[in-house]
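Reviewing the structure listed below.
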Amino acid sequence: MQVAVLLLLVAALCSATLALDNGEMRVPPMGWLAWERFRCDLDCEHDPKNCISENLFIDMADRLAEDGWRELGYVYVNIDDCWSSMKRDEKGRLQADPKRFPRGIKELARYMHARGLKLGLYGDMGTHTCGGYPGTTLDNIDLDAQTFADWEVDMFKFDGCYSNATEQEQGYPLMSKALNATGRPIGYSCSWPAYQGGLPPKVNYTELGQICNLWRNYGDIQDSWDSVLNIINWFFENQDVLAPAAGPGKWNDPDMLIVGDFGLSMDQSRAQMALWAIMAAPLFMSNDLRTISSGARTILQNKMAIIINQDPMGVQGRRLVKEKIGIDVFWRPLSKNASALVFFSRRTDMPYRYQTSLSKLNYTAGSYEIYDVFTGKSMALKDSAPFVVSVNPTGVVMWHVSAPAKWNPRHFYKASVCVYTANRYDLNEEV
Ligand code: GLA
């Protein structure tokens, strides 16, 4: 009898501490998400290429698979709002709009899987989605989780329109359990904190890390620099709360990448990519991959920016310095004693020549190998050596900094090999 009680206790403790042990998203998820660029465009008759229909997701899947995205890690194709029919079926299950998704969600998931991609789906904890489609009230959570698993969905975003704080407090953990109970690994994205102001005491980041793989903390991104800057400001003003919450399997989500749309210059696009990498943010592009410019594609496909974003240690970076002159410096520690630095300009006049040194940025004594992420150039730099970076208005300079080389002639030789191979995207490997 006593043994049985003990076993029960151990089982209860285990399930409590391993709440979201779904093994998913040990590094930030990457892919494509419909919302920012395609919203709730329902006009398939007049706008067949852009309306929310299976064709849009098939088009994007083809681009991801054929234009080099998938190999870089962009594997999720995520449906957002407005995919469903206005009514549940006769068994009470959600169903896709039959006109716009004639083959159904399961077929779409299979299309993705056949191409080495994954499918994400959207729902809402509440009576309706934000767009007015059927929501998931508390009594439907188990059924909906099972439906998504039956459809072979790989990720689920649970929005929070049309529910109150009490319902959310019940619903988000229940959905986590229900998804786990299906036995299908489904990455779980929670919009819960965004509906509760994103900060403690209303938001409990310890609990979120146990039940969700990622979570939206803040408002929706729009296609403008103002919007990107507003998000950057909020996330770094609150970094002391947010950064410790992130780690393998649990990520803060500052919302989609809008690189490739209409609102950002190339410098601003590099700034968004660089800071999302520093933040260990999920990289969900919301753009039109069929018509994206080569400039935007080059930024989104930057291998070193992606390596930094995907670093296995999963530590979210921070702002180190906010200079009155309008320069911020951000830093993220990476595995193998490497790190990333971003010099960011809020200025609106001309490229600013910012002078500092690695020791001023808290680096310990030594000689470091610097790789400039967007120019592909390398150099060696001593901690004490003053240097100048020229940062464009609303732009960035981003560096990958490798571990300090200990001073011996062999290392000197190694360092020069490193410079030589820098463009081949193997700085993270031992030379
Ligand atoms: C909310 C979410 C967005 C998007 C829309 C859809 O605003 O925050 O990301 O999902 O709903 O209606």
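Computed from the coordinates by the stated procedures, all read-outs in this text should not be read as laboratory data. Bear in mind the structure is a predicted one, so any value in this text is a computation, not a measurement. With ideal geometry, Cβ positions are generated from the backbone for all residues, glycine too; neighbour counts draw on all protein chains shown.
Structural remarks
- Rounded to the nearest 10 degrees, the angle from helix 54-66 to the longest Cα principal axis of the chain is 30 degrees.
- Distance from the C-alpha centroid of region 83-110 to that of region 112-150: 10 Å, rounded to the whole angstrom.
- Sequence-distant residues sharing a close amide H with residue 347 (under 5 Å, placed H): 394
- Flagged links, alpha-carbon separation over 25 Å, of 118/250; 202/324; 157/303; 177/303; 118/303: 202/324; 157/303; 177/303
- Residues of region 371-402 with amide N under 15 Å of the 7 Å Cα→Cβ point at residue 348: 393-395
- Here region 272-300 and region 201-236 have alpha carbon centers that stand 18 Å from each other.
- Against the chain, whose longest principal axis is taken from its Cα atoms, helix 104-114 shows a tilt of about 40°.
- Rounded Å value of the spacing that divides the Cα centres of region 371-404 and region 322-341: 10 Å
- Sorted largest first, extent of region 230-283 alpha carbons per principal axis (Å): 33, 23, 14
- Rounded tilt (10° steps) of 225-237 against the dominant C-alpha axis of the chain: 80 degrees
- Radius, Kirkwood style, for region 304-404 when every pair of distinct Cα atoms is counted (Å): 13.8 Å
- Anchor residue 322: lysines whose Cα lies under 18 Å away (excluding residues fewer than 8 positions away in-chain): 360
- Charge context of residue 299, other residues only, Cβ under 11 angstrom, K/R +1, D/E -1: +1
- For region 66-208, the Kirkwood radius over C-alpha pairs fed into Stokes-Einstein at 4 °C and 1.567 mPa s yields D = 82 µm² per second.
- Dividing the summed -39500 (n - 2.57) terms of all DSSP H runs of n ≥ 4 by the residue count of the chain sets its mean residue ellipticity at 222 nm at -9500 deg cm²/dmol.
- Distant-in-sequence amide H partners of residue 88 (H built 1.01 Å from N, under 5 Å): none
- Based on C-alpha pairs under 8 angstrom that are at least 6 apart in sequence, region 291-375 has a relative contact order of 22 percent.
- Only lysines eight or more places from residue 91 in sequence, or on another chain, were considered; those with a Cα closer than 18 Å are 106.
- Summed residue charge, Cβ within 13 Å of residue 328's Cβ, Lys/Arg positive, Asp/Glu negative: +4
- Whole-number D in µm²/s for the chain (Stokes-Einstein; Kirkwood sum over Cα pairs; 4 °C, 1.567 mPa s): 57 µm²/s
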